[in-house]
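Written out below as C-alpha coordinates is the structure these notes cover.
The values are calculated or read from the model by the stated rules, or taken from the named source; none is laboratory data. Computed from a predicted model, the values in this text were never measured in an experiment. Because the Cβ atoms are built from the backbone with ideal geometry, glycine has one as well, and the counts that use them run over all protein chains shown.
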Amino acid sequence: MPTIDQISESVFRETINRAVQDVFKTMLARTATLDTASDAANADGTPWEHPVQINGQQVVGTVGFIGDISGLIYLYLDAEFANEVASHMLSMTLPELVDAGDEVVNDAVGELTNMTVGTFKNQLADKGFPCRLTIPSILRGSNFSIEPISSATRRIYRFTVGTHNLVVDLLMKTGD
Amino acid sequence: MRYKILTVDDSKTVRIIVKKAFKSFDCEIIEAANGVEGLAAAAKETPDMILLDITMPVMDGVEMLTKLKSDPTLKAIPVIMLTAEGGRDNVLKIAKIGVRDYIVKPFKEEVLVEKCGRVIDLKPLTDGPTKAKSIFDPATILVVEDKPAIIQQIQEGLKHTPWKINGVHTTGEAIDFCSKNTPDLVIISLSLPEEAAFTLFRLIRQNVKTKYTPIFALVVKTELNAQQQAQQVGFSYIVTKPIEITELESKVAKAMNLDTSQRYFNVDGDVFVMRLPENTTQTVVGEVLNYLKPKIAEAVDSGIVKAVIDLHELKGLNMAIIKLLIQAMMTCKELALQYTLVGNSQIVSECKGFEDTRNWQFHDSIADAKASFTKAAPSPASVA
(Lines give C-alpha, C1' and ligand atoms only; values in the text may rest on other atoms or scores of the structure.)
Protein backbone atom coordinates (compact mmCIF):
# COMPACT_ATOMS: atom_id res chain seq x y z
CA MET A 1 0.00 0.00 0.00
CA PRO A 2 1.42 3.42 -0.86
CA THR A 3 2.23 5.74 2.03
CA ILE A 4 1.91 9.47 2.39
CA ASP A 5 5.69 9.86 2.37
CA GLN A 6 5.64 8.79 -1.26
CA ILE A 7 3.70 11.89 -2.26
CA SER A 8 6.19 14.54 -3.26
CA GLU A 9 5.84 18.26 -2.63
CA SER A 10 5.36 18.89 -6.31
CA VAL A 11 2.46 16.40 -6.38
CA PHE A 12 0.80 18.19 -3.45
CA ARG A 13 1.32 21.55 -5.16
CA GLU A 14 0.06 20.38 -8.53
CA THR A 15 -2.92 18.60 -7.00
CA ILE A 16 -4.08 21.58 -4.96
CA ASN A 17 -3.36 23.95 -7.85
CA ARG A 18 -5.50 21.86 -10.21
CA ALA A 19 -8.31 21.60 -7.65
CA VAL A 20 -8.46 25.35 -6.97
CA GLN A 21 -8.25 26.24 -10.65
CA ASP A 22 -10.93 23.73 -11.62
CA VAL A 23 -13.40 24.85 -8.96
CA PHE A 24 -12.91 28.58 -9.49
CA LYS A 25 -13.13 28.22 -13.25
CA THR A 26 -16.23 26.01 -13.20
CA MET A 27 -18.25 27.64 -10.44
CA LEU A 28 -17.12 31.26 -10.64
CA ALA A 29 -15.69 31.64 -14.15
CA ARG A 30 -12.55 33.07 -12.52
CA THR A 31 -8.91 32.21 -12.99
CA ALA A 32 -6.94 31.37 -9.87
CA THR A 33 -3.17 31.72 -10.19
CA LEU A 34 -0.84 29.99 -7.77
CA ASP A 35 1.56 32.57 -6.40
CA THR A 36 4.86 30.77 -6.78
CA ALA A 37 6.96 33.73 -5.62
CA SER A 38 5.67 33.37 -2.08
CA ASP A 39 5.34 29.62 -2.28
CA ALA A 40 5.01 28.07 1.10
CA ALA A 41 8.25 26.14 1.10
CA ASN A 42 11.72 26.85 2.29
CA ALA A 43 14.64 27.22 -0.07
CA ASP A 44 15.58 23.57 0.46
CA GLY A 45 12.07 22.46 -0.52
CA THR A 46 10.80 21.61 2.97
CA PRO A 47 7.26 22.86 3.71
CA TRP A 48 6.93 26.33 5.13
CA GLU A 49 5.65 26.08 8.68
CA HIS A 50 4.84 29.66 9.51
CA PRO A 51 1.29 30.29 10.61
CA VAL A 52 -1.03 31.94 8.12
CA GLN A 53 -0.91 35.69 8.39
CA ILE A 54 -4.34 37.21 8.03
CA ASN A 55 -5.53 40.77 8.05
CA GLY A 56 -9.03 42.10 8.41
CA GLN A 57 -12.34 40.28 8.45
CA GLN A 58 -12.00 36.72 7.14
CA VAL A 59 -14.33 33.91 6.16
CA VAL A 60 -12.56 30.56 6.42
CA GLY A 61 -14.05 27.36 5.04
CA THR A 62 -12.73 24.00 6.17
CA VAL A 63 -13.33 20.43 5.04
CA GLY A 64 -11.47 17.33 6.15
CA PHE A 65 -10.71 14.03 4.46
CA ILE A 66 -10.35 10.74 6.29
CA GLY A 67 -9.07 7.44 5.00
CA ASP A 68 -5.73 6.06 3.85
CA ILE A 69 -4.61 9.67 4.10
CA SER A 70 -6.22 12.14 6.45
CA GLY A 71 -6.07 15.88 6.74
CA LEU A 72 -7.83 19.19 6.62
CA ILE A 73 -7.89 22.04 4.20
CA TYR A 74 -8.72 25.62 5.13
CA LEU A 75 -9.67 28.18 2.49
CA TYR A 76 -9.14 31.77 3.65
CA LEU A 77 -11.15 34.45 1.90
CA ASP A 78 -11.43 38.08 2.96
CA ALA A 79 -15.03 39.11 3.69
CA GLU A 80 -15.38 41.09 0.47
CA PHE A 81 -14.15 38.17 -1.61
CA ALA A 82 -16.49 35.79 0.23
CA ASN A 83 -19.44 38.06 -0.63
CA GLU A 84 -18.38 38.09 -4.26
CA VAL A 85 -18.15 34.30 -4.32
CA ALA A 86 -21.63 33.92 -2.81
CA SER A 87 -23.06 36.57 -5.10
CA HIS A 88 -21.79 34.74 -8.18
CA MET A 89 -22.71 31.23 -7.08
CA LEU A 90 -26.22 32.21 -6.04
CA SER A 91 -26.82 34.88 -8.72
CA MET A 92 -27.67 37.38 -5.99
CA THR A 93 -26.74 41.05 -5.90
CA LEU A 94 -24.56 42.29 -3.04
CA PRO A 95 -27.48 44.18 -1.39
CA GLU A 96 -29.56 40.98 -1.61
CA LEU A 97 -26.74 39.10 0.09
CA VAL A 98 -26.58 41.65 2.88
CA ASP A 99 -30.32 41.19 3.40
CA ALA A 100 -29.95 37.41 3.34
CA GLY A 101 -27.32 37.50 6.10
CA ASP A 102 -23.99 35.83 6.83
CA GLU A 103 -25.45 32.32 6.80
CA VAL A 104 -25.92 32.46 3.03
CA VAL A 105 -22.32 33.57 2.45
CA ASN A 106 -21.08 30.94 4.91
CA ASP A 107 -22.95 28.22 3.06
CA ALA A 108 -21.54 29.31 -0.31
CA VAL A 109 -17.96 29.41 1.02
CA GLY A 110 -18.53 26.04 2.71
CA GLU A 111 -19.65 24.54 -0.61
CA LEU A 112 -16.73 26.12 -2.47
CA THR A 113 -14.38 24.56 0.09
CA ASN A 114 -16.18 21.22 -0.17
CA MET A 115 -15.72 21.19 -3.94
CA THR A 116 -12.07 22.21 -3.71
CA VAL A 117 -11.18 19.62 -1.09
CA GLY A 118 -13.24 17.02 -2.97
CA THR A 119 -11.34 17.66 -6.20
CA PHE A 120 -8.04 17.53 -4.29
CA LYS A 121 -8.76 14.28 -2.46
CA ASN A 122 -10.35 12.60 -5.52
CA GLN A 123 -7.05 13.01 -7.38
CA LEU A 124 -5.19 11.45 -4.44
CA ALA A 125 -7.78 8.65 -4.25
CA ASP A 126 -7.05 7.82 -7.89
CA LYS A 127 -3.33 7.65 -6.98
CA GLY A 128 -4.08 4.94 -4.42
CA PHE A 129 -5.09 6.93 -1.31
CA PRO A 130 -8.84 6.43 -0.88
CA CYS A 131 -10.52 8.71 1.65
CA ARG A 132 -13.85 10.41 2.24
CA LEU A 133 -14.88 13.97 2.94
CA THR A 134 -16.21 15.50 6.12
CA ILE A 135 -18.99 18.05 6.40
CA PRO A 136 -17.81 21.65 5.84
CA SER A 137 -17.56 24.16 8.64
CA ILE A 138 -16.96 27.89 8.66
CA LEU A 139 -14.96 30.28 10.80
CA ARG A 140 -15.51 34.00 10.71
CA GLY A 141 -13.51 36.74 12.38
CA SER A 142 -10.39 38.86 12.38
CA ASN A 143 -7.09 38.73 14.21
CA PHE A 144 -7.07 35.00 14.76
CA SER A 145 -4.70 32.24 13.78
CA ILE A 146 -5.20 28.53 13.35
CA GLU A 147 -2.39 26.38 14.71
CA PRO A 148 -2.00 22.76 13.60
CA ILE A 149 -1.43 19.95 16.05
CA SER A 150 2.16 18.85 16.28
CA SER A 151 1.58 15.59 14.39
CA ALA A 152 0.38 17.43 11.29
CA THR A 153 2.45 18.77 8.45
CA ARG A 154 1.41 22.11 7.07
CA ARG A 155 1.57 23.43 3.54
CA ILE A 156 0.37 26.88 2.64
CA TYR A 157 -0.42 27.95 -0.90
CA ARG A 158 -1.37 31.44 -1.97
CA PHE A 159 -3.49 32.19 -5.01
CA THR A 160 -4.46 35.37 -6.77
CA VAL A 161 -8.01 35.57 -8.03
CA GLY A 162 -8.52 38.89 -9.81
CA THR A 163 -7.85 41.54 -7.18
CA HIS A 164 -8.30 39.11 -4.30
CA ASN A 165 -6.03 36.68 -2.49
CA LEU A 166 -6.95 33.16 -1.57
CA VAL A 167 -4.94 31.24 0.98
CA VAL A 168 -5.10 27.46 1.06
CA ASP A 169 -3.84 25.88 4.24
CA LEU A 170 -3.29 22.13 3.85
CA LEU A 171 -2.78 20.14 7.04
CA MET A 172 -1.88 16.48 6.62
CA LYS A 173 -1.82 13.92 9.38
CA THR A 174 1.60 12.32 9.24
CA GLY A 175 1.95 8.55 8.68
CA ASP A 176 2.52 6.31 11.73
CA MET B 1 -46.76 16.86 -17.55
CA ARG B 2 -44.77 18.81 -14.99
CA TYR B 3 -41.81 16.79 -13.74
CA LYS B 4 -40.71 16.80 -10.11
CA ILE B 5 -37.01 16.76 -9.29
CA LEU B 6 -35.93 16.18 -5.70
CA THR B 7 -32.57 17.69 -4.77
CA VAL B 8 -31.05 16.27 -1.60
CA ASP B 9 -28.05 18.27 -0.44
CA ASP B 10 -27.09 19.78 2.91
CA SER B 11 -25.78 22.86 1.09
CA LYS B 12 -28.47 25.43 0.43
CA THR B 13 -26.11 26.90 -2.15
CA VAL B 14 -26.23 23.71 -4.22
CA ARG B 15 -30.01 23.51 -3.91
CA ILE B 16 -30.27 27.11 -5.14
CA ILE B 17 -27.93 26.37 -8.08
CA VAL B 18 -30.07 23.34 -8.99
CA LYS B 19 -33.24 25.46 -8.89
CA LYS B 20 -31.56 28.11 -11.02
CA ALA B 21 -30.42 25.53 -13.57
CA PHE B 22 -33.96 24.27 -14.13
CA LYS B 23 -35.84 27.55 -13.90
CA SER B 24 -36.41 27.72 -17.66
CA PHE B 25 -37.83 24.19 -17.78
CA ASP B 26 -41.28 22.96 -16.95
CA CYS B 27 -40.40 21.17 -13.73
CA GLU B 28 -40.79 21.56 -10.01
CA ILE B 29 -37.80 21.37 -7.68
CA ILE B 30 -38.33 19.84 -4.25
CA GLU B 31 -35.61 20.28 -1.62
CA ALA B 32 -34.29 18.14 1.20
CA ALA B 33 -31.23 18.80 3.38
CA ASN B 34 -30.27 15.22 4.30
CA GLY B 35 -31.09 11.57 3.67
CA VAL B 36 -33.91 11.39 6.21
CA GLU B 37 -35.66 14.41 4.74
CA GLY B 38 -34.90 13.06 1.28
CA LEU B 39 -36.59 9.71 1.92
CA ALA B 40 -39.62 11.45 3.42
CA ALA B 41 -39.88 13.82 0.44
CA ALA B 42 -39.46 10.93 -2.01
CA ALA B 43 -42.29 8.98 -0.33
CA LYS B 44 -44.58 12.01 -0.16
CA GLU B 45 -43.95 13.58 -3.57
CA THR B 46 -42.89 10.58 -5.69
CA PRO B 47 -40.44 12.67 -7.75
CA ASP B 48 -39.51 11.74 -11.30
CA MET B 49 -35.81 12.01 -10.46
CA ILE B 50 -33.54 12.53 -7.45
CA LEU B 51 -30.28 14.49 -7.35
CA LEU B 52 -28.35 13.14 -4.40
CA ASP B 53 -25.32 14.37 -2.49
CA ILE B 54 -23.24 11.95 -0.42
CA THR B 55 -21.69 13.78 2.50
CA MET B 56 -24.59 15.04 4.60
CA PRO B 57 -25.40 15.10 8.32
CA VAL B 58 -28.12 12.90 9.90
CA MET B 59 -28.17 10.42 7.00
CA ASP B 60 -25.68 10.44 4.15
CA GLY B 61 -26.46 9.87 0.50
CA VAL B 62 -25.17 6.30 0.34
CA GLU B 63 -27.47 5.24 3.16
CA MET B 64 -30.41 7.05 1.61
CA LEU B 65 -29.70 5.45 -1.76
CA THR B 66 -29.50 2.00 -0.19
CA LYS B 67 -32.82 2.49 1.64
CA LEU B 68 -34.44 3.92 -1.48
CA LYS B 69 -33.41 0.95 -3.58
CA SER B 70 -34.72 -1.51 -0.99
CA ASP B 71 -38.16 0.17 -0.93
CA PRO B 72 -40.41 -1.40 -3.61
CA THR B 73 -42.42 1.82 -3.99
CA LEU B 74 -39.40 4.07 -4.44
CA LYS B 75 -36.71 1.95 -6.04
CA ALA B 76 -37.74 2.81 -9.60
CA ILE B 77 -37.09 6.53 -9.12
CA PRO B 78 -33.94 7.36 -11.12
CA VAL B 79 -31.11 8.82 -9.05
CA ILE B 80 -28.25 10.98 -10.25
CA MET B 81 -25.46 11.50 -7.75
CA LEU B 82 -24.33 15.12 -7.46
CA THR B 83 -21.40 15.10 -5.09
CA ALA B 84 -17.83 16.16 -4.46
CA GLU B 85 -17.09 12.52 -3.57
CA GLY B 86 -15.42 11.27 -6.74
CA GLY B 87 -12.57 8.89 -7.28
CA ARG B 88 -12.89 5.83 -9.48
CA ASP B 89 -13.41 3.23 -6.72
CA ASN B 90 -15.97 5.35 -4.93
CA VAL B 91 -17.97 5.99 -8.09
CA LEU B 92 -17.93 2.29 -9.01
CA LYS B 93 -19.04 1.25 -5.52
CA ILE B 94 -22.02 3.61 -5.59
CA ALA B 95 -22.88 2.83 -9.20
CA LYS B 96 -23.37 -0.79 -8.14
CA ILE B 97 -26.16 0.23 -5.75
CA GLY B 98 -27.99 1.62 -8.76
CA VAL B 99 -27.66 5.17 -10.05
CA ARG B 100 -28.44 6.56 -13.48
CA ASP B 101 -25.51 8.96 -13.61
CA TYR B 102 -22.79 10.47 -11.48
CA ILE B 103 -21.89 14.16 -11.53
CA VAL B 104 -18.79 15.16 -9.61
CA LYS B 105 -18.72 18.70 -8.20
CA PRO B 106 -17.72 21.29 -9.34
CA PHE B 107 -20.31 21.17 -12.08
CA LYS B 108 -21.69 23.44 -14.76
CA GLU B 109 -25.43 24.02 -14.79
CA GLU B 110 -25.57 23.05 -18.48
CA VAL B 111 -24.02 19.66 -17.72
CA LEU B 112 -26.53 19.07 -14.93
CA VAL B 113 -29.47 19.92 -17.21
CA GLU B 114 -28.06 17.88 -20.07
CA LYS B 115 -27.59 14.76 -17.89
CA CYS B 116 -31.01 15.12 -16.29
CA GLY B 117 -32.48 15.62 -19.77
CA ARG B 118 -31.31 12.11 -20.63
CA VAL B 119 -33.40 10.72 -17.79
CA ILE B 120 -36.57 12.80 -17.99
CA ASP B 121 -38.10 14.54 -20.98
CA LEU B 122 -37.39 18.14 -19.95
CA LYS B 123 -39.49 20.69 -21.80
CA PRO B 124 -38.70 24.40 -21.92
CA LEU B 125 -41.12 26.57 -19.99
CA THR B 126 -43.37 28.60 -22.31
CA ASP B 127 -43.69 32.32 -21.65
CA GLY B 128 -47.45 32.37 -21.30
CA PRO B 129 -50.17 29.79 -21.02
CA THR B 130 -51.79 30.27 -24.43
CA LYS B 131 -50.46 33.33 -26.21
CA ALA B 132 -48.76 32.27 -29.44
CA LYS B 133 -45.84 34.22 -30.83
CA SER B 134 -46.76 36.37 -33.78
CA ILE B 135 -45.02 36.86 -37.11
CA PHE B 136 -44.04 40.32 -35.88
CA ASP B 137 -42.02 38.89 -32.99
CA PRO B 138 -38.27 38.44 -33.41
CA ALA B 139 -36.92 34.91 -33.78
CA THR B 140 -33.50 33.36 -34.26
CA ILE B 141 -33.02 31.07 -37.24
CA LEU B 142 -29.79 29.16 -37.80
CA VAL B 143 -28.91 28.14 -41.35
CA VAL B 144 -26.12 25.55 -41.68
CA GLU B 145 -25.02 25.51 -45.30
CA ASP B 146 -21.56 25.25 -46.85
CA LYS B 147 -22.60 27.39 -49.82
CA PRO B 148 -22.60 31.09 -48.88
CA ALA B 149 -24.87 31.98 -51.82
CA ILE B 150 -27.73 29.89 -50.37
CA ILE B 151 -27.38 31.52 -46.96
CA GLN B 152 -27.41 34.90 -48.66
CA GLN B 153 -30.52 33.96 -50.64
CA ILE B 154 -32.40 33.00 -47.47
CA GLN B 155 -31.23 36.11 -45.64
CA GLU B 156 -32.26 38.30 -48.56
CA GLY B 157 -35.59 36.54 -49.05
CA LEU B 158 -36.60 36.80 -45.39
CA LYS B 159 -35.18 40.26 -44.70
CA HIS B 160 -38.71 41.73 -44.50
CA THR B 161 -39.40 39.54 -41.46
CA PRO B 162 -38.24 40.33 -37.90
CA TRP B 163 -36.32 37.04 -37.90
CA LYS B 164 -32.56 37.05 -37.51
CA ILE B 165 -31.03 34.64 -39.99
CA ASN B 166 -27.64 33.39 -38.76
CA GLY B 167 -25.62 31.57 -41.39
CA VAL B 168 -22.78 29.16 -40.56
CA HIS B 169 -20.83 26.88 -42.86
CA THR B 170 -19.82 23.89 -40.71
CA THR B 171 -21.29 21.65 -38.05
CA GLY B 172 -18.60 22.86 -35.63
CA GLU B 173 -19.79 26.44 -36.05
CA ALA B 174 -23.39 25.28 -35.66
CA ILE B 175 -22.65 23.46 -32.39
CA ASP B 176 -20.78 26.49 -31.14
CA PHE B 177 -23.75 28.71 -32.05
CA CYS B 178 -26.22 26.41 -30.28
CA SER B 179 -24.08 26.36 -27.14
CA LYS B 180 -24.32 30.16 -26.90
CA ASN B 181 -27.84 30.68 -28.30
CA THR B 182 -31.10 28.81 -28.47
CA PRO B 183 -32.31 29.05 -32.05
CA ASP B 184 -36.06 28.98 -32.69
CA LEU B 185 -35.52 27.00 -35.89
CA VAL B 186 -32.58 25.35 -37.63
CA ILE B 187 -32.17 24.75 -41.37
CA ILE B 188 -29.46 22.22 -42.24
CA SER B 189 -28.19 21.55 -45.74
CA LEU B 190 -27.98 17.85 -46.52
CA SER B 191 -25.07 18.63 -48.84
CA LEU B 192 -22.66 19.09 -45.92
CA PRO B 193 -19.80 16.62 -46.35
CA GLU B 194 -19.79 13.11 -44.86
CA GLU B 195 -23.41 13.04 -43.75
CA ALA B 196 -22.60 15.81 -41.26
CA ALA B 197 -26.20 17.06 -41.52
CA PHE B 198 -27.52 13.88 -39.89
CA THR B 199 -24.88 13.94 -37.16
CA LEU B 200 -25.74 17.56 -36.43
CA PHE B 201 -29.46 16.71 -36.39
CA ARG B 202 -28.83 14.07 -33.71
CA LEU B 203 -26.65 16.41 -31.63
CA ILE B 204 -29.30 19.15 -31.70
CA ARG B 205 -31.98 16.65 -30.69
CA GLN B 206 -29.82 15.38 -27.81
CA ASN B 207 -29.43 18.86 -26.38
CA VAL B 208 -32.18 19.57 -23.86
CA LYS B 209 -32.44 23.20 -24.97
CA THR B 210 -33.00 22.31 -28.63
CA LYS B 211 -34.74 18.97 -28.24
CA TYR B 212 -38.01 20.41 -29.59
CA THR B 213 -36.57 23.01 -31.97
CA PRO B 214 -37.93 22.51 -35.51
CA ILE B 215 -35.17 21.38 -37.89
CA PHE B 216 -35.59 21.76 -41.65
CA ALA B 217 -33.53 19.87 -44.21
CA LEU B 218 -32.30 21.75 -47.25
CA VAL B 219 -31.79 19.58 -50.32
CA VAL B 220 -31.81 19.71 -54.11
CA LYS B 221 -35.26 18.87 -55.47
CA THR B 222 -34.01 15.85 -57.44
CA GLU B 223 -32.15 14.19 -54.57
CA LEU B 224 -35.00 11.94 -53.56
CA ASN B 225 -32.92 9.48 -51.54
CA ALA B 226 -31.58 12.23 -49.29
CA GLN B 227 -35.11 13.60 -48.84
CA GLN B 228 -36.38 10.17 -47.85
CA GLN B 229 -33.53 9.70 -45.40
CA ALA B 230 -34.24 13.12 -43.86
CA GLN B 231 -37.90 12.23 -43.41
CA GLN B 232 -36.97 8.93 -41.79
CA VAL B 233 -34.67 10.49 -39.19
CA GLY B 234 -37.32 13.05 -38.29
CA PHE B 235 -36.50 16.39 -39.90
CA SER B 236 -39.53 18.67 -39.40
CA TYR B 237 -39.74 19.71 -43.04
CA ILE B 238 -37.81 19.33 -46.30
CA VAL B 239 -36.98 22.57 -48.13
CA THR B 240 -36.01 21.91 -51.73
CA LYS B 241 -33.56 23.86 -53.85
CA PRO B 242 -34.21 26.05 -55.75
CA ILE B 243 -35.77 27.62 -52.69
CA GLU B 244 -39.28 29.06 -52.96
CA ILE B 245 -38.97 31.80 -50.36
CA THR B 246 -42.71 32.36 -49.86
CA GLU B 247 -43.22 28.70 -49.14
CA LEU B 248 -40.20 28.66 -46.83
CA GLU B 249 -41.55 31.63 -44.91
CA SER B 250 -44.95 29.96 -44.49
CA LYS B 251 -43.38 26.70 -43.35
CA VAL B 252 -41.07 28.47 -40.91
CA ALA B 253 -44.02 30.36 -39.42
CA LYS B 254 -46.02 27.16 -39.15
CA ALA B 255 -43.15 25.19 -37.61
CA MET B 256 -42.57 27.92 -35.03
CA ASN B 257 -46.30 27.91 -34.36
CA LEU B 258 -46.53 31.63 -35.09
CA ASP B 259 -49.79 33.49 -35.25
CA THR B 260 -49.76 34.68 -38.89
CA SER B 261 -53.28 36.05 -38.86
CA GLN B 262 -52.08 39.65 -38.67
CA ARG B 263 -50.61 39.21 -42.12
CA TYR B 264 -54.13 38.75 -43.55
CA PHE B 265 -56.50 40.34 -41.04
CA ASN B 266 -56.50 43.65 -39.28
CA VAL B 267 -58.85 46.33 -38.04
CA ASP B 268 -58.59 49.73 -39.73
CA GLY B 269 -60.57 52.23 -37.66
CA ASP B 270 -64.05 50.75 -37.43
CA VAL B 271 -63.58 48.44 -40.43
CA PHE B 272 -62.41 44.85 -40.45
CA VAL B 273 -59.97 44.26 -43.34
CA MET B 274 -59.14 40.90 -44.88
CA ARG B 275 -56.23 41.13 -47.27
CA LEU B 276 -54.81 38.58 -49.70
CA PRO B 277 -51.14 38.99 -50.67
CA GLU B 278 -49.77 39.25 -54.20
CA ASN B 279 -48.75 35.61 -54.31
CA THR B 280 -51.60 33.81 -52.61
CA THR B 281 -50.44 30.21 -52.81
CA GLN B 282 -52.34 27.13 -51.73
CA THR B 283 -50.51 27.33 -48.40
CA VAL B 284 -51.64 30.92 -47.89
CA VAL B 285 -55.23 29.98 -48.75
CA GLY B 286 -55.03 27.24 -46.12
CA GLU B 287 -53.68 29.65 -43.50
CA VAL B 288 -56.38 32.27 -44.24
CA LEU B 289 -59.13 29.62 -44.09
CA ASN B 290 -57.90 28.52 -40.66
CA TYR B 291 -58.20 32.02 -39.27
CA LEU B 292 -61.26 33.16 -41.24
CA LYS B 293 -64.19 32.30 -38.96
CA PRO B 294 -62.53 33.05 -35.62
CA LYS B 295 -61.16 36.39 -36.87
CA ILE B 296 -64.49 37.59 -38.29
CA ALA B 297 -66.27 36.43 -35.14
CA GLU B 298 -63.70 38.27 -33.02
CA ALA B 299 -64.33 41.48 -35.02
CA VAL B 300 -68.11 41.17 -34.66
CA ASP B 301 -67.68 40.47 -30.97
CA SER B 302 -65.77 43.74 -30.58
CA GLY B 303 -68.62 45.68 -32.19
CA ILE B 304 -67.40 45.98 -35.79
CA VAL B 305 -70.13 45.84 -38.46
CA LYS B 306 -68.20 46.62 -41.66
CA ALA B 307 -65.63 44.60 -43.58
CA VAL B 308 -63.41 45.13 -46.60
CA ILE B 309 -61.98 42.22 -48.58
CA ASP B 310 -58.85 43.71 -50.05
CA LEU B 311 -57.54 42.05 -53.23
CA HIS B 312 -55.64 44.99 -54.68
CA GLU B 313 -52.26 43.23 -54.35
CA LEU B 314 -53.47 39.89 -55.69
CA LYS B 315 -51.89 38.90 -59.02
CA GLY B 316 -54.47 36.37 -60.23
CA LEU B 317 -57.47 34.21 -59.35
CA ASN B 318 -57.82 30.46 -59.17
CA MET B 319 -60.51 28.14 -57.88
CA ALA B 320 -58.98 27.84 -54.40
CA ILE B 321 -58.95 31.64 -54.02
CA ILE B 322 -62.50 31.97 -55.34
CA LYS B 323 -63.73 29.34 -52.87
CA LEU B 324 -61.94 31.16 -50.07
CA LEU B 325 -63.53 34.49 -51.04
CA ILE B 326 -67.00 32.94 -51.23
CA GLN B 327 -66.44 31.40 -47.81
CA ALA B 328 -65.39 34.81 -46.45
CA MET B 329 -68.48 36.52 -47.86
CA MET B 330 -70.80 33.83 -46.51
CA THR B 331 -69.25 34.14 -43.06
CA CYS B 332 -69.74 37.92 -43.17
CA LYS B 333 -73.38 37.41 -44.14
CA GLU B 334 -73.97 34.87 -41.40
CA LEU B 335 -72.66 37.34 -38.85
CA ALA B 336 -74.55 40.30 -40.37
CA LEU B 337 -71.36 42.09 -41.36
CA GLN B 338 -71.59 44.53 -44.28
CA TYR B 339 -68.75 43.88 -46.67
CA THR B 340 -67.28 45.20 -49.86
CA LEU B 341 -64.39 44.37 -52.19
CA VAL B 342 -61.27 46.20 -53.30
CA GLY B 343 -59.48 44.94 -56.40
CA ASN B 344 -57.06 45.83 -59.19
CA SER B 345 -57.95 45.83 -62.89
CA GLN B 346 -56.56 42.33 -63.43
CA ILE B 347 -58.74 40.82 -60.70
CA VAL B 348 -61.82 42.77 -61.82
CA SER B 349 -61.29 41.50 -65.35
CA GLU B 350 -60.72 37.87 -64.27
CA CYS B 351 -63.86 37.94 -62.14
CA LYS B 352 -65.92 38.66 -65.24
CA GLY B 353 -64.84 35.28 -66.63
CA PHE B 354 -66.30 33.09 -63.86
CA GLU B 355 -69.95 32.37 -63.31
CA ASP B 356 -69.61 32.65 -59.55
CA THR B 357 -67.75 35.95 -59.59
CA ARG B 358 -69.02 37.92 -62.57
CA ASN B 359 -71.43 40.00 -60.44
CA TRP B 360 -68.85 41.00 -57.87
CA GLN B 361 -68.29 44.73 -57.69
CA PHE B 362 -65.01 46.29 -56.67
CA HIS B 363 -63.71 49.58 -55.34
CA ASP B 364 -60.30 50.92 -56.34
CA SER B 365 -59.04 51.56 -52.83
CA ILE B 366 -59.80 50.90 -49.18
CA ALA B 367 -60.67 54.58 -48.76
CA ASP B 368 -63.31 54.29 -51.50
CA ALA B 369 -64.61 51.10 -50.00
CA LYS B 370 -64.91 52.66 -46.55
CA ALA B 371 -66.66 55.70 -48.02
CA SER B 372 -69.20 53.42 -49.73
CA PHE B 373 -70.47 52.15 -46.38
CA THR B 374 -71.82 55.56 -45.52
CA LYS B 375 -73.80 55.73 -48.78
CA ALA B 376 -75.60 52.44 -48.87
CA ALA B 377 -76.58 49.88 -46.34
CA PRO B 378 -76.83 46.88 -48.71
CA SER B 379 -73.64 45.07 -49.55
CA PRO B 380 -72.19 46.01 -52.97
CA ALA B 381 -71.00 42.48 -53.58
CA SER B 382 -73.20 39.49 -53.80
CA VAL B 383 -72.54 35.81 -53.60
CA ALA B 384 -73.95 33.82 -56.48
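Odds and ends about this structure:
- Any hit, the range B:131-148, residues being within 14 Å of chain A (Cβ to nearest Cβ), under 30 Å from residue B:49 (Cβ atoms) and either buried (at least 18 other Cβ atoms within 10 Å of the Cβ) or without any contact (Cβ under 8 Å) to a residue 60 or more places away in the chain (or both): no
- A single entry from B:299, B:336, B:320 fulfils the requirement of being at pLDDT 90 or above, closer than 22 Å to residue B:374 by Cβ and among the small types (Gly, Ala, Ser): B:299.
- Counted residues, the range B:85-113 - those being in a loop (DSSP other than H, G, I, E, B), more than 10 Å from chain A (Cβ to nearest Cβ) and closer than 20 Å to residue A:132 by Cα: 1
- Whichever residue in the range A:94-108 is closer than 20 Å to residue A:141 by Cβ and acidic (Asp, Glu) and, among such residues, is surrounded by the most Cβ atoms within 10 Å (Cβ to Cβ): A:107
- Positions within the range A:102-142 being among the basic types (Lys, Arg) and either facing chain B (nearest Cβ under 7 Å) or in contact with a Gly (Cβ under 7 Å, 6 or more places away or on another chain) (or both), in sequence order: A:132
- Residue within the range B:185-196 that is closer than 25 Å to residue B:258 by Cα and modelled with pLDDT under 90 present: no
Table: residues versus (1) farther than 12 Å from residue B:324 by Cα; (2) in the same structural domain as residue B:237 (by TED's automatic domain parsing); (3) surrounded by fewer than 19 Cβ atoms within 10 Å (Cβ to Cβ).
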| position | (1), (2), (3) |
| --- | --- |
| B:247 | yes, yes, yes |
| B:251 | yes, yes, no |
| B:267 | yes, no, yes |
| B:273 | yes, no, no |
| B:279 | yes, no, yes |
| B:284 | no, no, no |
| B:296 | yes, no, no |
| B:300 | yes, no, yes |
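- Exactly one residue out of B:213, B:182 is in a loop (DSSP other than H, G, I, E, B) and touching a helix residue (DSSP H, G or I) at 6+ places or on another chain (Cβ under 6 Å), and it is B:182.
- Counting the residues of the range B:24-81 that are within 14 Å of another protein chain (Cβ to nearest Cβ) and not in a helix (DSSP H, G or I) gives 13.
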